[in-house]
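Heads up: the structure comes next, in structure tokens.
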């Protein structure tokens, strides 16, 4: 078997154009829909080396976001997690508070328009005191 270069999540969505626009606006992805003009049957989102694919589904899988049951896990760098959390909470899309995880990451969750849960995670900044950030509730 040859080596795997990447694993790319494929999300079934109701409206590819709407989802492309959301991921561009909220998370800064770039992307294209196929065919080039809506209605798109498929879309590819890109941000640095990360890709997410979107596939139009006549009846998308119904999703109700639940904490710690994520669909996509994005590791960030160079981001102020407190500010990002506050900004996205103001948009009403945060589904889990900012937390210090037992494995060392600072993270929280948001939900996209189709209910997919996306974890935004980052290594703690060594120069910033994160002791006030709660750990997960047991």
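The values are calculated or read from the model by the stated rules, or taken from the named source; none is laboratory data. A quick note: this is a predicted structure, and the numbers were derived from the prediction, not measured. Note that we place each Cβ from the backbone using ideal geometry, even for glycine, and neighbour counts take in every protein chain shown.
Before moving on, here are some points about what is shown:
Rundown of residues vs (1) under 28 Å from residue 129 (Cβ atoms); (2) surrounded by 14 or more Cβ atoms within 10 Å (Cβ to Cβ), yes/no style:
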| residue | (1), (2) |
| --- | --- |
| 34 | no, no |
| 37 | no, no |
| 43 | no, yes |
| 48 | no, no |
| 56 | no, yes |
| 64 | no, no |
| 82 | yes, yes |
| 87 | yes, no |
| 90 | yes, no |
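- Failed item, numbered, when residue 15 is tested on (1) within 14 Å of the chain's Cα centre (by Cα); (2) farther than 30 Å from residue 126 by Cβ: (1)
- Close pairs from the stretch 1-28: first surrounded by 16 or more Cβ atoms within 10 Å (Cβ to Cβ), partner in a helix (DSSP H, G or I), Cβ under 6 Å, at least 6 apart: 13/19
Per-residue answers, yes or no, for (1) within 27 Å of residue 17 (Cα to Cα); (2) surrounded by 15 or more Cβ atoms within 10 Å (Cβ to Cβ):
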{"residue": "93", "(1), (2)": "yes, yes"}
{"residue": "118", "(1), (2)": "yes, yes"}
{"residue": "122", "(1), (2)": "no, yes"}
{"residue": "130", "(1), (2)": "no, no"}
{"residue": "134", "(1), (2)": "no, no"}
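- Residue pairs meeting the criteria (Cβ under 6 Å; at least 6 apart or on separate chains; first at pLDDT below 95, in the stretch 31-54; second outside any strand (DSSP E or B)): 38/17
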